[in-house]
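K.L.:
Have a look at this one.
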Amino acid sequence: RTGRLSRPTRVGGAPCGLAYGAGSIWVENFRDFTVTRVSAGTGRVQHTYDVGFSPYDVTFAAGAAWVTNNGDGTVSRIDATTGTVHTIRTGGTPVGIAPAGGLIWVGAGEAGIVAIDPATSRVAHRIPTDGPAGWTAYDDEHVWVNAGASVLRVDAATATVDRTLAVGEHPADGSVLDGTVWVPDRYGLLYR
């Protein structure tokens, strides 16, 4: 409303990904192997949690923050009520993470696409990909995952790839807005 910048909140080393949930902003700190929970109302740090090696991205779903740990092939689940951290082995080098269709979807590098059941914190599906799976975008029914020079659309209900779109050589972290997927490429292009 005002455009004024508030005082910064000190979190951890090399903060990158953000997610909102349970009245908090969840910040993954790549260099410190931590996630900081910050009150969305006050901007104050509520807690800092140890997670896996090189946390890369974070999302919030099913009452928890979910964090990809790129350096050790895991995902950390941080329960927003209890603060308990649970580790799920996905394999690969997890990058993007997104909720869709009641599952948590992970672009896990050479391990392809992994879906985690939030009720059990176990891997429910594994989908092989031709190239390393990375960043994600999502809506309620689909998740889009970049794999090599393509973006794959996964039907979250059936855990199958139902569309493959060739884009630039290095697609990055996309977003979905009103039924349109936007995907940037590291060479300065934006695909719609």
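K.L.:
What is the dipole size for the chain, taken about its Cα centre, with +1 at each Lys and Arg Cβ and -1 at each Asp and Glu Cβ, in debye to the nearest 20?
P.N.:
740 debye
K.L.:
Also, I was wondering about something else. Between Tyr191 and Thr42, what is the FRET efficiency for a Förster distance of 30 Å, r being their Cβ-Cβ separation, to the nearest 0.05?
P.N.:
Numbers: r = 39 Å, r/R0 = 1.29.
Once rounded, the FRET efficiency stands at 0.20.
K.L.:
Determine the gain in length on full extension of the stretch Thr120-Ser6; use 0.36 nm per residue of separation and subtract their C-alpha separation, reporting nm with one decimal. Can you show the working numbers first?
P.N.:
Numbers: separation 114, 0.36 × 114 = 41.04 nm, distance 3.92 nm.
Extra length from Thr120 to Ser6 when fully extended: 37.1 nm.
K.L.:
What full-extension length gain, to one decimal in nm, is calculated for Cys16 and Arg31 as 0.36 nm per residue of separation minus the Cα-Cα distance? Intermediate values should be presented prior to the final figure.
P.N.:
Working: separation 15, 0.36 × 15 = 5.40 nm, distance 0.98 nm.
Full extension of this stretch gives 4.4 nm more.
K.L.:
Which chymotrypsin sites (Phe, Trp or Tyr not before Pro) from segment 37-143 combine a DSSP loop assignment with at most 16 other Cβ atoms within 10 Å?
P.N.:
Phe53
K.L.:
May I ask you to derive the relative contact order of the chain, considering only C-alpha pairs under 8 Å and at least 6 residues apart, and to give it as an integer percent?
P.N.:
Computed over the chain, the figure is 10 percent.
K.L.:
I've got another one for you. So between Phe53 and Leu165, what do we pick up on full extension, going 0.36 nm a residue minus the alpha carbon distance? Numbers along the way, then the final one.
P.N.:
Details: separation 112, 0.36 × 112 = 40.32 nm, distance 3.16 nm.
Additional length available on full extension: 37.2 nm.
K.L.:
Ignoring ligands, DNA and RNA, what accessible area per residue does segment 52-187 give at 1.4 Å, in Å²? Each step should come with its number before you reach the end.
P.N.:
On the way: 5830 Å² over 136 residues.
Heavy-atom accessible area per residue stands at 43 Å².
K.L.:
If you roll a 1.4 Å probe over the chain with all protein chains in place, what percent of the accessible area is carbon or sulfur? Let's see the in-between values first.
P.N.:
Numbers: 4980 of 9950 Å².
That fraction is 50 percent.
K.L.:
While we're here: Ignoring everything but the protein chains, give the 1.4 Å probe accessible area of Leu177 in square angstrom, nearest 10.
P.N.:
110 Å²
The values are calculated or read from the model by the stated rules, or taken from the named source; none is laboratory data. Since the structure is predicted, the reported quantities are computational estimates derived from the model, not experimental observations. Don't worry about glycine lacking a Cβ; one is built from the backbone with ideal geometry, like all the others, and counts go over all protein chains shown. Heavy atoms of the whole protein, side chains included, go into the accessibility calculation; ligands, DNA and RNA do not. Shrake-Rupley method; radii C 1.70, N 1.55, O 1.52, S 1.80 Å.
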